[in-house]
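Only the coordinates and a few stated rules stand behind these numbers; no lab work does. Quick caveat, the model's predicted, so the values are computed rather than measured. Cβ sites come from the backbone with ideal geometry, for glycine too, and all protein chains shown count toward neighbours.
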Amino acid sequence: MKPTKADLNIYPWGSERRFNSYSSYFRDRWGARVQKVSIDAGFTCPNRDGSKSFGGCTYCRNDAFNPSYCHPSKSVTEQIREGIKFHKWRYNEAVSYLAYFQAYSNTYAPLENLKKLYEEALSYPDVVGLIIGTRPDCVDEEKLHYFKDLSKKCYLAIEYGIESCYNKTLKRINRGHTFEDAVSAIESTSSLGINTGAHFIFGLPGETREEMLAQVDFISDLPIKTVKFHQLQIMKGTPMEIEFRNNPEDFELFEWEEYLDFFISFLERLNPAIVVERFTGEAPPRFLSGEGWGKKRTDQIVNIVEKRLEELNTWQGRLYKDKRQK
Ligand code: SF4
């Protein structure tokens, strides 16, 4: 006999999956797969153009994460067209698309210029929304109110690079903002009803594994809808490559099996209301200084994490303590 819903383990996010997954979040919303299409609209960032500093964050190498179809020499429309073609070839089932303004700081321009780019993306057939990656210091009230109005007409998410909850780390990697700046941007965005995401890196210099794990309490308290995590990968040609060469003892880089154990511990403590979009990031080997983890596709990593959660009979938020109930 087929099990009924009551026979199955249904977790707080309403499914049998052992973590609050991004793909399920979108399937619940649209009833079908929705694919992100990346765009490099030619922005820079205040950490590179001298407004905050020159040279950028010490680990930054944006081209390592840009898909091949994505280049600022092409219009937004061209990049979406090529991106859809690329994804149709890989996964035939996507029917709707989200334009993902990914490279650099995608709110770092006057609002009138931004509107043109975003609206060009939204006018493309089958594009149902926008995801906009940026820094906490690249939004202001005027932009946030525009996003609030836009989010009533389409799906809209603002994704902030935060990277660490520790100011000593943010200073060391030359982020040019504090954790408090990030919390303030997140709170201002989320309080307007805009979907808010955050991005973090595990393995940054000077952080111990205990400190990395302890960030889960700060992250769980943020009013974010989605979160992405990456293991630190040291890129060729970055200031961090030199720092690593000179002081390797300051880095606690993860081997794949260690990361898996660490990430499961992290996930067990993470607020179950937060949708987890990524566990890892893999830049192509030609950008990496040193060895990567070998080619592991995102879907393979998701399967491995789910299998490990099942083996340990654990799930996202099993050890989460809601402060309101503490
Ligand atoms: S804020 Fe982003 S784009 Fe700018 S330097 Fe840092 S990682 Fe690179």
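Using θ = phi - 60° and the Karplus curve 6.51 cos²θ - 1.76 cosθ + 1.60, what whole-Hz ³J(HN,Hα) does each residue of segment 36-50 get, with Gly and Pro shown as x?
7, 10, 7, 9, 10, 8, x, 6, 10, 8, x, 8, 10, 8, x
Considering only DSSP beta bridges whose two residues both sit in segment 10-313, what percent are antiparallel, to the nearest 5?
Numbers: 2 of 35 bridges.
Expressed as a percentage, antiparallel bridges in segment 10-313 total about 5.
Put +1 on the Cβ of every Lys and Arg and -1 on every Asp and Glu Cβ in segment 222-302; which of Pro272, Ile224, Leu288 then has its Cα farthest towards the positive end of the dipole?
Checking the options against the dipole of segment 222-302, the answer is Ile224.
If you take the square roots of the eigenvalues of the alpha-carbon gyration tensor of segment 97-218 and sort them as a ≥ b ≥ c, do you get rounded (a/c under 1.5), prolate (a/b over b/c) or oblate?
Prolate is the answer for segment 97-218, as a/c is 1.5 or above and a/b outweighs b/c.
Highest mean first, how do 216-229, 99-112 rank when packing is the count of other Cβ atoms within 10 Å averaged over residues? List each step's numbers first, then the result.
Details: 216-229: 18.5, 99-112: 20.1.
Highest-to-lowest ranking by the protection proxy: 99-112, 216-229.
For Asn271, enumerate residues with amide H under 5 Å from its amide H, sequence gap 5+ or separate chain, H modeled in the peptide plane.
Ser220
Using only the alpha carbons of segment 69-167, determine the length spanned along each of the three principal axes and report them from longest to shortest in whole angstroms.
Extents along the principal axes, in whole Å: 42, 30, 27.
Setting aside same-chain residues fewer than 8 positions from Lys295, which aspartates and glutamates have a Cα under 15 Å from its Cα?
Counting by Cα, and skipping residues close in sequence, Lys295 has these aspartates and glutamates nearby: Glu255, Glu257, Glu282.
Hey, got a sec? Which GluC sites (Glu not before Pro) in segment 217-281 land in a DSSP loop and have at most 11 other Cβ atoms within 10 Å? Don't skip to the answer; put the middle values down first.
Values: sites: Glu241, Glu243, Glu249, Glu252, Glu255, Glu257, Glu258, Glu268, Glu277; in loops: Glu252, Glu255.
In loop regions of segment 217-281 (DSSP not H, G, I, E or B), the sparsely surrounded GluC sites (Glu not before Pro) are Glu255.
Is there a pair in Lys148/Lys321; Lys225/Lys307; Lys143/Lys225; Lys74/Lys225 whose C-alpha atoms are over 28 Å apart, and which pairs would that be?
Lys148/Lys321; Lys74/Lys225
Using the Karplus equation 6.51 cos²θ - 1.76 cosθ + 1.60 (θ = phi - 60°), what ³J(HN,Hα) coupling, rounded to whole Hz, does each residue of segment 154-171 give in order, writing x for Gly and Pro?
7, 5, 9, 9, 10, 10, 9, x, 10, 6, 8, 8, 10, 5, 4, 6, 4, 5
Under the rule a/c < 1.5 gives rounded, and otherwise a/b versus b/c splits prolate from oblate, where does the chain land using the Cα gyration tensor?
Numbers: a/c = 1.34, a/b = 1.06, b/c = 1.27.
Rounded is the answer for the chain, as its axis ratio a/c remains below 1.5.
With unit charges on the beta carbon (Lys/Arg positive, Asp/Glu negative), name the residue among Trp13, Val139, Thr107 whose Cα is farthest towards the positive pole of the charge dipole of the chain.
Trp13
How do the peptides 196-203, 113-120 rank, highest first, by the average count of neighbouring beta carbon atoms within 10 Å per residue?
On the way: 196-203: 21.8, 113-120: 16.5.
So the peptides 196-203, 113-120, ranked by packing, come out 196-203, 113-120.
Excluding Ser191 itself, calculate the net charge of residues whose Cβ lies under 14 Å from the Cβ of Ser191, where each Lys or Arg counts +1 and each Asp or Glu counts -1.
Residues close to Ser191 contribute a combined charge of 0.
Every cysteine in the chain with no other Cys Cβ under 4.7 Å from its Cβ, please list them in numeric order.
Cys45, Cys70, Cys138, Cys154, Cys165 - these cysteines have no disulfide-compatible partner (Cβ-Cβ under 4.7 Å) in the chain.
Hey, what do the phi angles of segment 136-152 turn into as Karplus ³J(HN,Hα) couplings, whole Hz, using 6.51/-1.76/1.60 and θ = phi - 60°, x for Gly and Pro?
x, 9, 10, 10, 9, 4, 4, 5, 5, 5, 4, 5, 4, 5, 5, 6, 7
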